Protein chains: 2
Amino acid sequence: MNDIFLRACHGEKVEYTPVWLMRQAGRYLPQYQSIRSNLDFLTLCKTPELAAEITLQPVDILGVDAAILFSDILIPVEAMGMSLEFIEKEGPVLREPIRNKAAVDRLIIPDADDDMSFVVDTIKILREKLKNKVPLIGFSGAPFTLATYMIEGGGSKNFINTKKMMFQNSRLFNYLMDKLTLTIISYLSSQVRAGAQAMQIFDTWAGVLTPMDYKISVLPYVKKIISELNKERVPIIYFVNDCAGILKEIKKSGADVIGIDWKIDIADAIKQLGKKVVIQGNLDPCALFLSNEEIEDRVKDILWKGESAKGHIFNLGHGILPETPVENAIALVEAVHKYGRKD
Amino acid sequence: MNDIFLRACHGEKVEYTPVWLMRQAGRYLPQYQSIRSNLDFLTLCKTPELAAEITLQPVDILGVDAAILFSDILIPVEAMGMSLEFIEKEGPVLREPIRNKAAVDRLIIPDADDDMSFVVDTIKILREKLKNKVPLIGFSGAPFTLATYMIEGGGSKNFINTKKMMFQNSRLFNYLMDKLTLTIISYLSSQVRAGAQAMQIFDTWAGVLTPMDYKISVLPYVKKIISELNKERVPIIYFVNDCAGILKEIKKSGADVIGIDWKIDIADAIKQLGKKVVIQGNLDPCALFLSNEEIEDRVKDILWKGESAKGHIFNLGHGILPETPVENAIALVEAVHKYGRKD
């Protein structure tokens, strides 16, 4: 059994630096495209056999050291009662964005085992099919990131509505964050009970805040989720995009592993995060358009700097891009395995 | 004459912290909207009397300590020979993006005095009308930021085409950056000759790069522009959005003033930038949706931290948002003048 990823999460000594790629099960793979061609994205997420098949694809094709559940961060938002659509080339659309207390009142705290049973089923299939080949990572969006979609009604440029609510009606904002926090705890616990062996919490948009706003309005909820989930005894990875300015706060989250984006030198991030957390990252997803030689150079640089942390899990600094040549993703994984060997 | 802004740029002692706001001449002002209602944006930029009138509006309405030329960062791109349109709610569109050498060959290095004479004329009108009331800032986009628009054909999410060119055809990328650098030098020199008393270089998108890529592919061009323009003896402000991870490199630009965004604590930024540069920033533009009391609190915090720098010019961390209530912008300027007084 390849448990290198799990041991690295715990900061244990490992034979080589493990690697997986955010969004590794996805659009850049022709094998995914052929399944996707007949079905819409949300149906795929909700069909356990297919979601499991897609989850497994990169394990075989790339040779990564962990599988991550094929799903979407907005699944729990839909389970809370909001209608969710994915529009081609536009992304997620929530037609009734949350702007007042009545809208938050209407949100339910789902019973994840029942209301997102397709996720439970997918995980069960996966644990059986994986036969401990590599560990399975479950995940959820973080409360702030999910709140932005719910308040803005989809993606956003300036997050004005989210910040307006946070600034002008913090009681309502906190009420929403509380409900999201309970939902995420239930959702991730359910994933662990079903068999997920690690969890990643994606805070894609937390980096749009000032460090002070992050500290006051976001971090307490993340800490609560992590301290609750610590009881489950599986490692927790907390990923924040655009993290460079708030690493000192992120450090306090209590996560075992901190995932960083590529817009900061990993050596600088380690210096700020200290010796108590494992680091995950941080190749620029666009670096996969480089030649294999140049990919190797960047891999070596990141691996070398990663050695100063308590532990290092190699990853991209954000999700792999749909345009990425598969052979370059394979070359990346090979390079990490080759140059990340500890002798 | 209120020359506090200019003295602050040079790191001299000033009676109070000066303040101006990026995009202070713009859509949040009803007085701007009423001029804009009959004319398209580019026509406004190219009509000196109107551009001058718009530039002056915030000086009177807000009481800021500097005026900044009303124009667009893409003006020199159009002067280089590319067709440029502004589509409502979409932003700038360049229908023939640059993807090969022939396209770069076709770009001219404009003679700014002739090819962008409307800017020269606007500045001359402004210096006359301002009567030294406050100094006038000229500006240009930085080479990388302009290159992204030229290569992507407009705004972008992941800047894949820009990075592909940078990674796969660095000779072509550098050729484009060289032409942009010469254009920007000519453009800013022309603005200074016309009467601009300070210059800001906007590198809105440089923060999407790894620190290494920024250092190798962007910084040398910025340094060249700044060292050339230093001959003009007017202070140079270099603003990079999403700067938190690359401040150590930005520090080497040679700029007199470094403008930062709001996603880093200004005290942390000052620590990284050291005592040789003046800092500009860094209130979150969305903070202008707060109550006046809360705006004051944030202003006091930033002013207090700003005191540890060589000098501090108060500003937002990005352009003022069109939805901003004018009275809050006024309250901000008043708060800076009140609490930024040195006794």
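No value in this document is a laboratory result; all are computed from the given coordinates. Quick caveat, the model's predicted, so the values are computed rather than measured. Positions of Cβ are generated from backbone atoms using ideal geometry, with glycine treated the same way; all protein chains shown enter the neighbour counts.
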## Note on the structure
Packing-ranked peptide list from B:241-249, B:36-44, highest mean Cβ count within 10 angstrom first, is B:241-249, B:36-44
### Task
Using +1 at the Cβ of each Lys and Arg and -1 at the Cβ of each Asp and Glu in chain B, identify which of B:ILE216, B:VAL120, B:ILE160 lies farthest towards the dipole's positive end.
B:ILE216
### Message
Can you pull out the GluC sites (Glu not before Pro) in the range B:270-322 whose DSSP state is coil and whose Cβ has at most 16 other Cβ atoms within 10 Å?
### Response
B:GLU307
### Message
Report, in listed order, any pair from B:LYS275/B:LYS305; A:LYS215/B:LYS338; A:LYS251/A:LYS305; B:LYS252/B:LYS310; A:LYS224/A:LYS252 with a Cα-Cα distance greater than 23 Å.
### Response
A:LYS215/B:LYS338
### Message
Students often get this wrong: which residues of the range A:133-176 have the backbone nitrogen under 18 Å from the point 7 angstrom along Cα-to-C-beta of A:ARG95?
### Response
A:150-155
### Query
So what is the relative contact order of the range B:219-343, in percent, for Cα pairs below 8 Å that sit 6 or more residues apart?
23 percent
### Query
Taking each residue of B:244-250 in turn, how many C-beta atoms of other protein chains fall within 10 Å of its C-beta, and what is the average?
5
### Task
Taking the Cα centre of the range B:4-339 as origin, work out the dipole magnitude from +1 charges on Lys and Arg Cβ and -1 charges on Asp and Glu Cβ, in debye rounded to 20.
1200 debye
### Task
Could you work out how far the C-alpha centroid of the range A:272-343 sits from that of the range B:139-171, in angstrom?
24 Å
### Query
Where does each of A:329-335, B:79-85 land if you order them by average Cβ count within 10 Å, highest first?
A:329-335, B:79-85
### Label point at A:GLU128 placed 7 Å out along Cα→Cβ; residues across the range A:42-72 whose backbone nitrogen lies under 15 Å
A:48-53
### Cβ nearest the rotation axis (B onto A), residue from chain B and distance to the nearest whole Å
B:ALA244, 2
## Note on the structure
Total charge of the residues flanking A:ASP113 in space, meaning their Cβ is under 13 Å from its Cβ, with Lys and Arg +1 and Asp and Glu -1, is -2
### Task
Provide a whole-number value for the mean count of partner chain Cβ atoms within 10 Å of the Cβ atoms in peptide A:58-71.
0
### Query
Taking the simple approach of a point 7 Å from Cα along Cα-to-Cβ for both A:LYS300 and A:PHE86, what is their distance in nm?
3.9 nm
### Message
Once the label point is set 7 Å along the Cα-to-beta-carbon vector, what list of distances in nm do you get between A:LYS248 and its counterparts in the other copies?
### Response
1.7
### Query
Dipole magnitude of the protein assembly as shown about its Cα centre, charges +1 at Lys/Arg Cβ and -1 at Asp/Glu Cβ only, in debye to the nearest 20?
1600 debye
### Query
Taking the Cα centre of each part, how many Å lie between the range A:76-98 and the range A:184-240?
21 Å
### Query
If we hang a label 7 Å off Cα along the beta carbon direction at B:GLN168, how far is it from the matching labels on the other copies, in nm, shortest first?
4.6
### Message
I need the calculated FRET efficiency for the pair B:LYS157 and B:ASN38, taking r as the beta carbon distance and R₀ as 45 Å, to the nearest 0.05.
### Response
0.85
### Task
Compare the peptides A:189-200, A:157-168, A:104-115, B:88-99 by average per-residue count of other Cβ atoms within 10 angstrom and give them in order, highest first.
A:189-200, A:157-168, A:104-115, B:88-99
### Task
Please give the residues of the range A:109-153, grouped as numeric ranges, whose backbone N is less than 19 Å from a label point set 7 Å along the Cα-to-Cβ vector of A:ASN230.
A:143
### Task
Give me the aspartates and glutamates in straight-line cross-link reach of A:LYS223: C-alpha distance below 20 Å, same-chain residues under 8 apart excluded.
A:ASP178, A:ASP203, A:ASP213, A:GLU232, A:ASP242, A:GLU249, A:ASP256
#### Entry: Over chain B, relative contact order from alpha-carbon pairs under 8 Å, at least 6 apart, %
22 percent
### Query
For chain B, what does -39500 (n - 2.57) per DSSP helix run (n ≥ 4), summed and divided by total residues, give at 222 nm, in deg cm²/dmol to the nearest 500?
-14000 deg cm²/dmol
### Task
Return the tail of the calculated pair distribution for the range A:4-339, meaning the percent of Cα-Cα pairs more than 28 Å apart.
38 percent
### Query
Where the label is 7 Å out from Cα toward Cβ, how close does A:GLU96 come to the same position in every other copy, in nm, shortest first?
5.0
## Note on the structure
Here the percent of antiparallel bridges among DSSP beta bridges lying wholly in the range B:4-339, to the nearest 5, is 15 percent
### Task
Enumerate by residue number the trypsin sites (Lys or Arg not before Pro) in the range B:264-332 meeting two conditions: DSSP loop (anything except H, G, I, E, B), and at most 13 other Cβ atoms within 10 Å of the site's Cβ.
B:LYS275, B:LYS276
